[in-house]
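Structure first, commentary second.
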Amino acid sequence: MKDKTQTTERVDALLAKMSIEEKVAQLNQIGGADWNNGPKPEEVIRKSGAGSVLWLNDTKRFNELQKIAIEESPSGIPILFALDVIHGYRTIFPVPLGMAASWDPNVAEKAQTVAAKEARAAGIHWTFGPMLDIARDARWGRIVEGAGEDPNLGSAMAAAQVRGFQGADEIDTEHVLACAKHFAGYGAADGGRDYDPVFLSEAQLRNVYFPPFKAAVDAGVGTFMSAYMDLNNVPASGNRWLLKDVLRDEWGFEGFVISDAFGVANLAVQGFAKDRKDATLRSLQAGQHMDMASSAYLENLAELVQDGLLSVEEIDEMVRPILETKVRMGLFEKPYVDEGLLEKVIALPEHREAARMAAQRSMVLLRNEGSLLPLSKTQKKVAVIGPLADSMTATEGSWMVFGHQPAAVTVLEGIRNKLPEAEIVYAPGPEIRRDIPHPFGEFDTIARKPVQTPEEAEAAFQTAVKAAQEADVVIAVMGETQDMAGEFASRGSLDLPGRQEELLKAVDALGKPIVLVLLGGRPLSINWAAEHVPAILEAWEPGTEGGNAVADILFGDVNPGGKLPVTFPRSGNHAPLYYARTLTHMPEDHERYLSRYWDGPTTPLYPFGYGLSYTNFEIKNLKLSASEIKVGETLTVTAEVSNTGNHAGDEVVQLYIHQKWGSDSRPLRELKGFERISIQAGETKQVSFQLGPDELRYWSTSAQGWIQDVAEFDVWVGSDSQATLHAGFEVVA
Ligand code: NOJ
């Protein structure tokens with residue numbers, strides 16, 4: 001670890017010789033892509049340097065621009081090159097929602113370790129991840145980028161990803177600087193519509209939306225990104241309470257904050273700032289160190305100092321953590337990247353092995369009637385149908401780095417690899433696409449096919465039915481394409497798009513055994529399939545080795561053990577739907593309770609934490625170390641989990657609590673601990689969890705602060721959020 005005073009002294013010395021223009025340049029991140037109509041990176045860098053450059057993915061160009069910064073800019077300060085490396089650079093891992101479904105923080109840590117190593121070898125210093133937005137509305141497209149609906153699971157995944165990206169201590173040349181985004185509340189956009197306003201109480205923010213961000217700070221995350229949207233009528237990019245009071249003063253975050261793209265200038269578009277100059281002043285004073293790509297800081301900061309509206313000291317205070325980061329990362333000593341390194345790093349076999357393992361562990365078995373799965377490897381004739389069966393882009397998922405060439409093993413290929421002797425007939429059926437094209441479509445590296453005519457779609461439909469008719473077993477790979485979730489990818493319905501369900505029904509009518517493999521980045525309301533298709537595997541967007549991992553599971557080489565990190569609603573109209581809501585005066589077990597709606601059940605299609613296995617588990621002998629504890633004390637919860645089936649397998653044992661009364665109403669269930677354990681057939685293992693003040697306190701609206709109440713608690717331990725194994729305890733004064 002570099003000595004803190006040495007770093008400070010070095011930064012002081014740099015600041016002492018920098019002009020105001022150079023300081024402002026450090027607060028600026030240049031959009032380096034051709035489509036970004038800002039000033040030419042070379043010119044800006046030569047004149048006064050740059051804090052950072054983003055949207056470039058070109059090792060040679062990194063070195064060229066770095067050379068200009070080091071040799072030609074006045075103070076020779078190196079540039080931080082930034083890019084969104086969300087779930088892999090070249091070796092692609094499951095999307096973050098899928099990684100969270102592993103309920104195994106090691107999966108996320110390992111994935112981001114590999115991503116960091118590859119990205120750094122390409123010359124990237126800084127990634128815009130992990131994305132830590134709690135998402136309880138499956139219509140919101142960006143649900144795919146986070147860990148789902150729960151603060152406890154989300155915090156574990158947050159810390160693991162930070163460790164993976166940044167490494168254990170200082171960020172060395174195999175790691176990258178991480179960025180906790182989007183601070184905060186973005187996942188609660190009204191109606192799940194991307195960028196729409198968010199209204200969250202302080203209690204919701206502190207109890208639900210903040211914990212993953214706090215966990216990232218505690219894990220040492222180097223940077224934060226402010227969110228785009230209005231939070232309680234104050235845009236996050238100009239929200240001093242968020243960026244200063246909470247993040248710096250309360251949590252002690254010492255890194256720096258960057259806006260989201262164009263977020264500073266957009267304060268004027270959002271009806272908050274008067275103009276770009278006002279936006280600059282208010283964003284900086286709110287605690288925004290770096291302006292991502294809007295150039296508003298570059299244009300206005302020096303003038304604001306001249307006008308006497310900002311002091312040089314205020315500017316210095318903002319530049320300081322950026323320079324400290326560059327010093328601590330060793331960029332002054334080693335500003336360039338070895339241009340031959342990437343090819344060596346991406347060839348490492350352990351990267352693909354890690355990707356396959358992560359994909360296997362992320363998949364969730366949703367249904368398996370009559371133990372249809374695992375399928376035998378002696379199949380003679382298999383029909384692989386569905387529009388995603390051979391789609392590399394759907395297998396890799398959303399958020400590839402710029403210029404990425406799709407290279408995933410598709411499900412079709414994975415099945416072919418697994419069954420080299422069998423006859424595999426592939427028929428995709430009708431295509432699916434967004435009704436309104438994705439605005440990022442221009443970045444696609446492979447040309448899109450022309451839109452199918454209705455006649456072509458019908459012919460494809462009939463070919464798929466015919467393929468199914470002639471096969472012994474049908475594997476349908478359906479869901480959403482990679483541009484149907486992510487940024488700009490919210491939707492009103494959660495149904496399978498296009499004619500996919502119709503195709504499933506037509507195949508079901510043939511009486512063939514069908515396995516549905518779902519690809520996509522959000523929960524889907526697959527109500528019909530959930531009752532008629534005997535086996536359903538949620539594979540998310542599983543990455544480079546996704547198709548192999550699916551085949552490993554379908555043909556029994558791997559026993560699935562993932563669990564849902566989000567509730568699956570029965571309809572998009574039911575969103576937001578999540579397990580940790582509070583009780584009502586007419587709870588679900590009330591004699592007159594039927595449903596919250598009169599036109600159908602509002603229970604989830606699949607609850608949070610749910611997932612099946614090829615074996616059976618029994619969880620029993622729930623014991624608490626005490627039936628009563630005092631405020632501030634800790635008790636231990638233990639239980640036994642037995643594998644009562646015939647296969648080795650993994651169970652994710654989950655601990656939920658409910659505080660029965662208190663200063664505020666508390667959620668009817670809250671996850672407070674989990675552990676994924678591997679158990680041999682016939683074996684029994686013990687799990688143990690602690691419940692102490694950290695688990696039992698909450699931010700109370702009534703008390704306007706953190707509080708631990710004197711009250712009774714329910715405890716459940718089980719295999720999903722509807723666990724029934726129950727005990728109770730009391731907290732006394
Ligand atoms: C906009 C997105 O909201 C954010 O997640 C991303 O990191 C930036 N653009 C940079 O690409």
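FYI, it's all coordinate maths here, none of it is from the lab. Because the structure is predicted, anything quoted here is derived from the model rather than measured. Here Cβ is always computed from backbone atoms with ideal geometry, including for glycine, and neighbour counts include all displayed protein chains.
A few points about this structure:
- Total charge dipole magnitude, region 516-596, about the Cα centre, Cβ charges on Lys, Arg, Asp, Glu only, Debye to nearest 20: 420 debye
- Estimated distance in nm for a label pair at GLU455 and ARG193, the labels positioned 7 Å out from Cα along Cα-to-Cβ: 4.0 nm
- Here the chain carries DSSP beta bridges of which approximately 55% are antiparallel, counting only pairs with both residues inside.
- Rounded to the nearest angstrom and listed largest first, the equivalent-ellipsoid semi-axes of region 259-396 from its Cα gyration tensor are 52, 24, 14.
- Region 155-223: trypsin sites (Lys or Arg not before Pro) falling in loop per DSSP and having at most 16 other Cβ within 10 Å: ARG193
- Restricting region 239-332 to trypsin sites (Lys or Arg not before Pro) in coil, as DSSP defines it, with at most 13 other Cβ within 10 Å: LYS274
- Estimated FRET transfer efficiency when R0 is 25 angstrom, pair ASN621-VAL732 (beta carbons, to 0.05): 0.45
- Overall form of region 452-558 per C-alpha gyration tensor (a/c, 1.5; a/b vs b/c): oblate
- Listed values for region 683-690 are Karplus-derived 3J(HN,Hα) couplings in whole Hz (6.51 cos²θ - 1.76 cosθ + 1.60, θ = phi - 60°), namely 8, 10, 10, 9, 10, 9, 10, 10, and x replaces Gly and Pro.
- Count of Lys pairs (Cα-Cα under 22 Å; at least 8 positions apart or interchain) in region 617-732: 9
- Full extension of the chain segment joining ILE436 with LEU510 gains 23.2 nm, where the gain is 0.36 nm per residue of separation less the Cα-Cα distance.
- With 10 Å bins from 0: P(r) over region 268-315, alpha-carbon pairs, percent: 27, 62, 11
- Acute angle (nearest 10 degrees) that the helix 296-306 long axis makes with the longest principal axis of the chain, alpha-carbon atoms: 30 degrees
- Cα centroid of region 401-433 to Cα centroid of region 613-665, whole Å: 40 Å
- Over 28 Å apart at the Cα level, from the set LYS60/LYS277; LYS4/LYS274; LYS47/LYS326, are LYS60/LYS277; LYS4/LYS274.
- Candidate cross-link partners of LYS40 among the aspartates and glutamates, defined by an alpha-carbon separation under 17 Å and a same-chain spacing of 8 or more, comprise GLU21, GLU22, ASP58, GLU64, GLU72, ASP291, GLU299.
- Rounded, prolate or oblate (a/c below 1.5 giving rounded, otherwise prolate when a/b exceeds b/c) for the chain by Cα gyration tensor: oblate
- Between ALA530 and GLU71, the modelled labels are 6.3 nm apart [label points 7 Å from Cα along Cα→Cβ].
- For PRO235, net neighbour charge (Lys/Arg +1, Asp/Glu -1) across residues whose Cβ lies under 12 Å away: 0
- The simple spin-label model puts a point 7 Å past each Cα toward its Cβ; for ASP169 and ALA407 those points are separated by 3.4 nm.
- Backbone N within region 179-197 under 15 Å of label point (7 Å from PHE488 Cα along the Cβ vector): 194-195
- Kirkwood Rh, angstrom, region 617-732 [1 / mean 1/r, Cα pairs]: 14.9 Å
- Test item: Cα-centred dipole of the chain, Lys/Arg +1 and Asp/Glu -1 on Cβ, debye: 460 debye
- Separation of alpha-carbon centers, region 69-137 and region 202-220, rounded to whole Å: 20 Å
- Mean projected area of the convex hull spanned by the Cα atoms of region 348-574, taken over all viewing directions: 12.4 nm².
- Calculated over region 11-62, the projected area of the Cα convex hull averaged across directions stands at 4.1 nm².
- For region 675-733 and region 458-492, distance of Cα centres in Å: 41 Å
- Cα gyration tensor, region 155-240 - rounded (a/c under 1.5), prolate or oblate: prolate
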